[in-house]
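Enquirer: My structure is below; once you've seen it, I'll send some questions.
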Amino acid sequence: MLWFDLDNSPHVPLFRPIFRELDRRMEQYFITAREFAQTRELLELWQIDHTIVGTHGGKSTLKKIVNLLHRSRQLASHMLAKRATLAVSHGSRAQVLASWRLGIPSVLMLDYEFTESRIFNTFATHLLMPSLIPRKRLAEAGFNLQKVIRYDGFKEEVYLQDFVPQADFRRRLDVDEQTILVTIRPPSVVGNYHDRRSEELFQLCLDYAASDGNTICLIVNRGRAEEVLVPQHLRTRRNVRFLQKPVDGLQLLWHSDVVISGGGTMNREASLLGVPVYSIFTGRRPYLDESLAEQGRLRFIDGAEQVKTIPLVWRAKSQYSASTNHNLAREIADIIIDLSKQIQIS
């Protein structure tokens, strides 16, 4: 049996097509998830069976370490009798530690080379990463290349293959078709890559976008921790809203006219959908984002002077046709199943 741990909301759409592929092949799997951001809500939205184990540790480094050890023990206790053959996640440190403790081989997906790599290098059995990131970049970032397995494309292409625009999506958001919809994702204030410069850029971008009388600024925050980034004088503006309930993220991005985000996944999703996207991420830049920027599909906002250069214009939503790796979910399922079979044989 395969064991998946989903510890953040982007992992739900990522693994959803892989779960469908495993169902098609009648492979058994079990899902644990962390109560964080909208992970549970998205699992419930798409009716994916799961078990919630643990929460996020918060902003403090010490609390994160304590919580990591605590949740890894919770996961190990929960999975002790499950007889899993392979543990799979996208960056779940707690699962990597728990699977190592239980003697279960693990395959850990990741696509940001500057993440903290010591736990992954030490305890993960395999590291599944995009082939687009050069070996030299991974080596310089400290990854054990002997553990690295590659897949072709962006992880976001796993679920982009299923995307079909919904004509009435804006109506359900109560946003007029001719209004300029600016979707804004605040930077994470609890992430390991947190940088206060991103917070300042977020506030400047929100103020700038909200000052246009024909915009709706929809804030897609991860949790209450990011709500405090919105100054009170902006909260009172009629065209500034918080997303109140979980929605299909790709639909939201496609129906947006401009996307401004402090997170990598949303930036790449918008870029691959062909939506104008501006990154306010001020940490060390992912190679994947840099490559999209070089292609003109993503733009970095580095300072206050660049904020007012963001065009706030309505975008024609023509028929969707993006070039993507339509077989990626199948390819990743192949890798996972093959690794599991090799373990059972050995």
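The values are calculated or read from the model by the stated rules, or taken from the named source; none is laboratory data. All of these numbers come straight from a predicted model, not from anything done at the bench. Here Cβ is always computed from backbone atoms with ideal geometry, including for glycine, and neighbour counts include all displayed protein chains.
Enquirer: Report yes if A141 is modelled with pLDDT under 95, over 24 Å from N325 (Cα atoms) and among the hydrophobic types (A, V, I, L, M, F, W, C), otherwise no. Reasoning before the result, please.
Expert: Numbers: modelled with pLDDT under 95: yes; over 24 Å from N325 (Cα atoms): yes; among the hydrophobic types (A, V, I, L, M, F, W, C): yes.
Criteria met by A141.
Enquirer: Name the single residue that is farthest from I133 (Cα to Cα) among those in the stretch 298-307 being outside any helix (DSSP H, G or I) and modelled with pLDDT of 95 or more.
Expert: It comes out as I301.
Enquirer: Still on this model: Kindly check whether there is at least one residue in the stretch 225-239 that is of a type in the set (V, I, T), touching a residue at least 12 places away in the same chain (Cβ under 8 Å) and in a strand (DSSP E or B).
Expert: The answer is no, given that none of the residues of the stretch 225-239 is of a type in the set (V, I, T), touching a residue at least 12 places away in the same chain (Cβ under 8 Å) and in a strand (DSSP E or B).
Enquirer: Quick check on this structure: which one of D334, D302 is over 20 Å from the mean Cα position of the chain (by Cα), closer than 30 Å to R24 by Cα and among the acidic types (D, E)?
Expert: Values: D302 fails: closer than 30 Å to R24 by Cα.
Result of the check over D334, D302: D334.
Enquirer: Tell me which of these G142 doesn't satisfy, since it passes every other one: (1) over 20 Å from the mean Cα position of the chain (by Cα); (2) surrounded by fewer than 20 Cβ atoms within 10 Å (Cβ to Cβ); (3) touching a residue at least 60 places away in the same chain (Cβ under 8 Å); (4) in a loop (DSSP other than H, G, I, E, B).
Expert: So G142 meets the others, but not (3).
So that you can scan it fast, the table gives a plain yes or no per residue for (1) assigned to a strand (DSSP E or B); (2) out of contact with any Lys or Arg (no Cβ under 8 Å at 6 or more places or on another chain); (3) of a type in the set (F, W, Y); (4) closer than 24 Å to P105 by Cα:
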residue	(1), (2), (3), (4)
E44	no, yes, no, no
D49	no, yes, no, yes
G58	no, no, no, no
V66	no, yes, no, yes
L69	no, yes, no, yes
Q74	no, yes, no, yes
A87	yes, yes, no, yes
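Enquirer: What single numbered condition from (1) at pLDDT 95 or above; (2) under 17 Å from A304 (Cα atoms) fails to hold for T183?
Expert: Tallying (1) at pLDDT 95 or above; (2) under 17 Å from A304 (Cα atoms), T183 fails exactly one: (2).
Enquirer: When the residues of the stretch 97-109 are narrowed to those that are surrounded by fewer than 24 Cβ atoms within 10 Å (Cβ to Cβ) and over 18 Å from the mean Cα position of the chain (by Cα), which ends up nearest to S72 (Cα to Cα)?
Expert: Here the residue is L97.
Enquirer: Ok, one more. Output the residues belonging to the stretch 1-33 that are in a strand (DSSP E or B) and either in contact with a helix residue (DSSP H, G or I) (Cβ under 7 Å, 6 or more places away or on another chain) or surrounded by fewer than 15 Cβ atoms within 10 Å (Cβ to Cβ) (or both). Even if it seems obvious, please write down each step before you answer.
Expert: Just the residues of the stretch 1-33 that are in a strand (DSSP E or B), to begin with: 2-6, 29-33.
Within the stretch 1-33, L2, W3, F4, D5, L6, Y29, T32, A33 meet the criteria.
Enquirer: Moving on. Residues in the stretch 69-77: is at least one buried (at least 16 other Cβ atoms within 10 Å of the Cβ) and among the hydroxyl-bearing types (S, T, Y)?
Expert: yes
Enquirer: Another question, if that's okay. Does Y193 qualify as being crowded, with 18+ Cβ neighbours inside 10 Å, among the hydroxyl-bearing types (S, T, Y) and modelled with pLDDT of 90 or more?
Expert: Numbers: crowded, with 18+ Cβ neighbours inside 10 Å: yes; among the hydroxyl-bearing types (S, T, Y): yes; modelled with pLDDT of 90 or more: no.
Here the answer is no, as Y193 does not meet what is asked.
Enquirer: Answer with yes or no whether I184 is within 23 Å of N8 (Cβ to Cβ), within 22 Å of the chain's Cα centre (by Cα) and in the same structural domain as N67 (by TED's automatic domain parsing).
Expert: Values: within 23 Å of N8 (Cβ to Cβ): yes; within 22 Å of the chain's Cα centre (by Cα): yes; in the same structural domain as N67 (by TED's automatic domain parsing): no.
Against the criterion (within 23 Å of N8 (Cβ to Cβ), within 22 Å of the chain's Cα centre (by Cα) and in the same structural domain as N67 (by TED's automatic domain parsing)), I184 does not qualify.
Enquirer: Just for the stretch 113-131: of the residues that are part of a loop (DSSP other than H, G, I, E, B) and buried (at least 16 other Cβ atoms within 10 Å of the Cβ), which one is modelled with the lowest pLDDT?
Expert: First pass over the stretch 113-131, keeping only residues part of a loop (DSSP other than H, G, I, E, B): 113-117, 124-125, 131.
With the extra rule that they be buried (at least 16 other Cβ atoms within 10 Å of the Cβ), the set shrinks to 113-115, 117, 124-125.
Working: E113: 94, F114: 92, T115: 89, S117: 82, A124: 96, T125: 96.
The extreme case among them is S117.
Enquirer: Does any residue in the stretch 102-117 that is among the small types (G, A, S) come within less than 6 Å, Cβ to Cβ, of a residue that is surrounded by 19 or more Cβ atoms within 10 Å (Cβ to Cβ) and modelled with pLDDT of 95 or more six or more places away or on a different chain, and which pairs are these?
Expert: Here the result reads S106/A87; S106/V96; S106/S99; S106/A124, each pair linking the stretch 102-117 to a residue that is surrounded by 19 or more Cβ atoms within 10 Å (Cβ to Cβ) and modelled with pLDDT of 95 or more.
Enquirer: For the stretch 159-172, indicate whether the set of residues that are in a loop (DSSP other than H, G, I, E, B) and under 25 Å from L108 (Cα atoms) is non-empty. Step through it out loud before you land on a result.
Expert: We begin by selecting, within the stretch 159-172, every residue in a loop (DSSP other than H, G, I, E, B); these are 161-168.
The next check asks that each one be under 25 Å from L108 (Cα atoms); those that pass are 161-162.
Yes.
Enquirer: Exactly one of (1) more than 22 Å from the chain's Cα centre (by Cα); (2) modelled with pLDDT of 95 or more is unmet by S256. Its number?
Expert: (1)
Enquirer: Tell me, yes or no, whether the stretch 279-292 has at least one residue that is surrounded by fewer than 19 Cβ atoms within 10 Å (Cβ to Cβ), closer than 19 Å to L206 by Cβ and hydroxyl-bearing (S, T, Y).
Expert: No, the stretch 279-292 contains no residue that is surrounded by fewer than 19 Cβ atoms within 10 Å (Cβ to Cβ), closer than 19 Å to L206 by Cβ and hydroxyl-bearing (S, T, Y).
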